[in-house]
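Before any comments, here is the structure.
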Amino acid sequence: MGIDGLIILDNSGRSVIQSGFRSTTPAYPILQIDAVQHPSNADIPSACCHIACGDLRILCPISGNVDPLLGFAFIRTFVDVFEEYFGGVSLAAVKENFDVVYQLLEETLDSVGHPLTTSHNALRDIVLPPSLFSKLVNAALTSNLAGIGGSGPMHGPPVGPFSSPIPWRKAGLKYASNELYIDIAEELRAIVNKQGVPLSSNVFGKLEANCRLSGTPDCVLTFTNPQVMQDTSFHPCVRLQRWTREKSMSFVPPDGHFVLSEYRYAPSSTLAKFRGANPSSSVGVLPSKEVVPVPFAIKAKFEIEDTAASFNVTFSSRLTTRPIENVVVEFSLGEGAHAIKCVASRESGGLGRGLSSLETGMSASSMASWAFDSRKKVLRWEIPNVPPSTHWSLQGSFAASTTPPRPSHALQVRFDIQSHTFSALKVDQLKITGEGYKPYKGVRGRSSGNVEWRW
């Protein structure tokens, strides 16, 4: 059994577009069942996988003996295809390109509910992207096909879908400038207790590539420390035997953006933490050698009275050479919270007050800002750039209609760090053979994080 279909809803819950659902059981066999038999009261088990993406919610109903992970994986794949075609997921993109979206739904899921064509390069041969479709229409109206191609690859003679011997790469690609970029993108997901000790700490990484190479090049990517990559998965283009034998990635790359590999990073002793527990250690606390250090520290102090509360949250960078960017700290103030007053500062700050549905404030000296969503009762503190070894604070107070106020005991922190990786994974060499040109090659690292800090 497969996936029942795919439904895209807007932010009000109304259906915008959906795929053709699988056909129901024909009526004739049902007529042969003896009417005297009692109907079964057992319904077929079903589930609805869904994610929120932008101002849309994408639903994937499944029924029968189907792993829900299949539904979530297909939604994620469809979102990647959507972003590749339209640059982002939004209701406006669906309405402006309704015909293209419907074609994508038909091509990515077959009539029996099995994922069909999900490769970007194969789909582009079947479903024309909006920009290229517009060029074809304009060219047909003006009877001038010379302008088709744009600043992208210089296409040779037209070829049909699936004509390339390599499923993930088009045939006859030609670029004026040959380039290959690889980003090492890692995300830290951690939970920290009120003593500042990580309860869980995991790093998930991706090798994101952008290929603009002519012909059919053969690439070999080697690392100085490949042992930091664990639970590794690969794009179908990677030759698995060579990775098993030499820990190097040999592949013929797809055209455009793609994820070459995904992996998990943990310190070497992490794999052994489940083999035996140290009786002297605290319950639920991992030894310091078995966790990835969190690059910041937070101190939160709340003073709760009968109908009001005050707080002081301090954010400190533990990095000494790189800034932490796009820091967002969010925490709920509880039901009935109102009359928010805050001061966001580094060494000196500015006061922001508001009485509207979204109360906001900004510090003129530090550019840190805060906002309170009175509907969700969530306070949001943003710091665009935190220099190394600096301290920032958010002081405030609020009133509450409940007695006593019940603020959340966890702060959610998101951040970015450029030119940095938690695993210290380093590329040794990126070698490209099989073609006569000398391409430009670039490799860089970046990190992000999502940390729950309890107080």
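Read-outs: derived from the displayed coordinates by stated rules, not from any lab. Since we're looking at a predicted model, the values are computed, not measured. Cβ placement follows ideal geometry from the backbone for every residue including glycine, while neighbour counts extend to all protein chains displayed.
Annotation: amide H of C53 within the under-5 Å range of I58, sequence separation 5 or more or interchain, hydrogens built in the peptide plane.
I'd like to compare 211-219, 434-442: which one has the highest average count of other Cβ atoms within 10 Å, and what's the full order after that?
Details: 211-219: 19.3, 434-442: 11.9.
The densest-packed peptide leads the list: 211-219, 434-442.
Report the local net charge at H50: Lys and Arg +1, Asp and Glu -1, summed over other residues whose C-beta lies under 15 Å from its C-beta.
Details: positive: R14, R57, R76; negative: D4, D10, D55.
The answer is 0.
Computed from backbone phi with θ = phi - 60° and the Karplus coefficients 6.51, -1.76 and 1.60, the 3J(HN,Hα) list for the range 304-318 is 9, 10, 5, 10, 8, 7, 10, 8, 9, 10, 10, 10, 10, 7, 9 Hz; x is used for glycine and proline. Take the Cα of T403, step 7 Å toward its Cβ, do the same at E325, and the gap between the two points is 5.0 nm.
Sum up the charges of everything whose Cβ sits under 11 Å from the Cβ of V16, counting Lys and Arg as +1 and Asp and Glu as -1, but leave V16 out. Charge balance near V16 sits at +1. In percent, rounded to a whole number, the relative contact order of the range 51-113 is 30, using alpha-carbon pairs under 8 Å and six or more apart.
Database remark: amide H of V16 closer than 5 angstrom to the amide H of I8, L9, D10 (H placed geometrically; neighbours at sequence offset of 5 or more, or on other chains; Pro and chain starts carry no H).
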